[in-house]
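Notes for the one structure printed next.
The values are calculated or read from the model by the stated rules, or taken from the named source; none is laboratory data. The model shown is predicted, which means the values in this text are computed figures rather than measured ones. Note that we place each Cβ from the backbone using ideal geometry, even for glycine, and neighbour counts take in every protein chain shown.
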Amino acid sequence: MKFVMTQAVTSEGMELLDGIADIYVADNQDPNNYLDEMKDADALIVRIAKCDGNAIENSPNLKVIGRTGVGYDTVDVETASKHGIPVVITPGANNRSVAEHAVALMFSLAKNLFEGQVELVAGNWEVRGLKKAFELQGKTVGIIGLGSIGQETAKICKGIGMNVAGYDPFFKPEDAEKMGIEYFGDYRKLLEECDIVSVHVPLTKETENMISKKELSTMKKTALIINTSRGGIVNEGDLVEALNNGTIAGAGFDAFCNEPLGADDPLLNCPNLVLSPHSAAQTREAVIKMATSCVEGCLAIVNGKRWPYVADPAVYNHPKWEGTEWEEV
């Protein structure tokens, strides 16, 4: 069998393929640039890259696409499913890493760490007297998206004495209440009432620009917003305006519409904005778990095993697989 990778996964993941697969590591984010290698590929593993419909349709032997992460907006899942190709994802592998990162951004903003360091290095010891810093204990954090990462974030926040509110249209209010989370049926109301808002939803047609100028204008002037999910959920132009105008107090972002950020991106010159290079899930522990889980899932499908962690479970009903006696994992 042949595995193509946009970039190599960790050594732990590569070792799972030792002696059983030919591997082509492209070190290139676009499979369209090496379609000659894709023609006989059984599996494609996508890391920080995209896989569009053209690449899928020009890979006649492709049986599975692996995505090292839980978000799959970089893969054309619709076209993959149309051709009976499961898209493996790795839910749970980076829950703790992303949740910790979200809370780290909260701490950084609450303690004014970034501005404090910049001014200290510049010789301004008096930055300590700005009185921007505040305690997180007793503040209310609103979590938009109560999936695994949102729940993990809630658990950490509760552990440091914060009150937790949450919104998720696919979540039962009574289940949230059992977790000690105040449930909001309307995320706009949550934005109005919370001191900090942390976004944990996938980027879809429904969530794109769900927090824009109108929503930002309803937040407290002292509020912070954190986004460790995907760029585009919070409208970046409106965020820049809100920070420059003092509509909200600050923001911490790990994901962006355009990655990597260009040198002239307005986000880079915003006040009270802490940025990280889409690295929330890139801890040593999470990267190993994502790599091994992704490779295991791809191997399972190539070998006729129904791997449960795929973006579109209905893909197993495709005529391509008719008559396949799947071995359950």
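Quick notes on this structure:
- Tally of residues being under 22 Å from A281 (Cα atoms) and either of a type in the set (D, E, K, R) or modelled with pLDDT of 95 or more (or both) across the stretch 64-75: 5
- Picking from residues in the stretch 50-80 that are under 19 Å from K205 (Cα atoms) and among the hydroxyl-bearing types (S, T, Y), the one that is surrounded by the fewest Cβ atoms within 10 Å (Cβ to Cβ) is T79.
- In the stretch 21-34, the residues that are touching a helix residue (DSSP H, G or I) at 6+ places or on another chain (Cβ under 7 Å) and not in a loop (DSSP other than H, G, I, E, B): Y24, P31, N32
- All of I149, I196, I143, I181 fail the test of being within 30 Å of V75 (Cβ to Cβ), touching a strand residue (DSSP E or B) at 6+ places or on another chain (Cβ under 8 Å) and either buried (at least 22 other Cβ atoms within 10 Å of the Cβ) or outside the structural domain of K220 (by TED's automatic domain parsing) (or both), apart from I143.
- Among the residues of the stretch 256-270, at least one is part of a loop (DSSP other than H, G, I, E, B), farther than 22 Å from L191 by Cβ and touching a residue at least 24 places away in the same chain (Cβ under 8 Å).
- In the stretch 232-256, residue nearest to S212 (Cα to Cα) [restricted to those that are of a type in the set (G, A, S) and crowded, with 21+ Cβ neighbours inside 10 Å]: A242
- Odd one out for V274, checked against (1) within 29 Å of A80 (Cα to Cα); (2) modelled with pLDDT of 95 or more; (3) touching a Ser or Thr at 6+ places or on another chain (Cβ under 6 Å); (4) among the hydrophobic types (A, V, I, L, M, F, W, C): (1)
- Looking at A41, A80, just one residue is in the same structural domain as K289 (by TED's automatic domain parsing), part of a helix (DSSP H, G or I), of a type outside the set (S, T, Y) and in contact with a strand residue (DSSP E or B) (Cβ under 6 Å, 6 or more places away or on another chain), and that residue is A80.
- Number of the exception - I48 against (1) farther than 22 Å from F3 by Cβ; (2) touching a residue at least 40 places away in the same chain (Cβ under 8 Å): (1)
- Number of positions in the stretch 1-20 that are in a loop (DSSP other than H, G, I, E, B) and within 26 Å of Q282 (Cα to Cα): 8
- Checked against (1) touching a helix residue (DSSP H, G or I) at 6+ places or on another chain (Cβ under 9 Å); (2) under 21 Å from Y34 (Cα atoms), T74 passes all but a single condition, namely (1).
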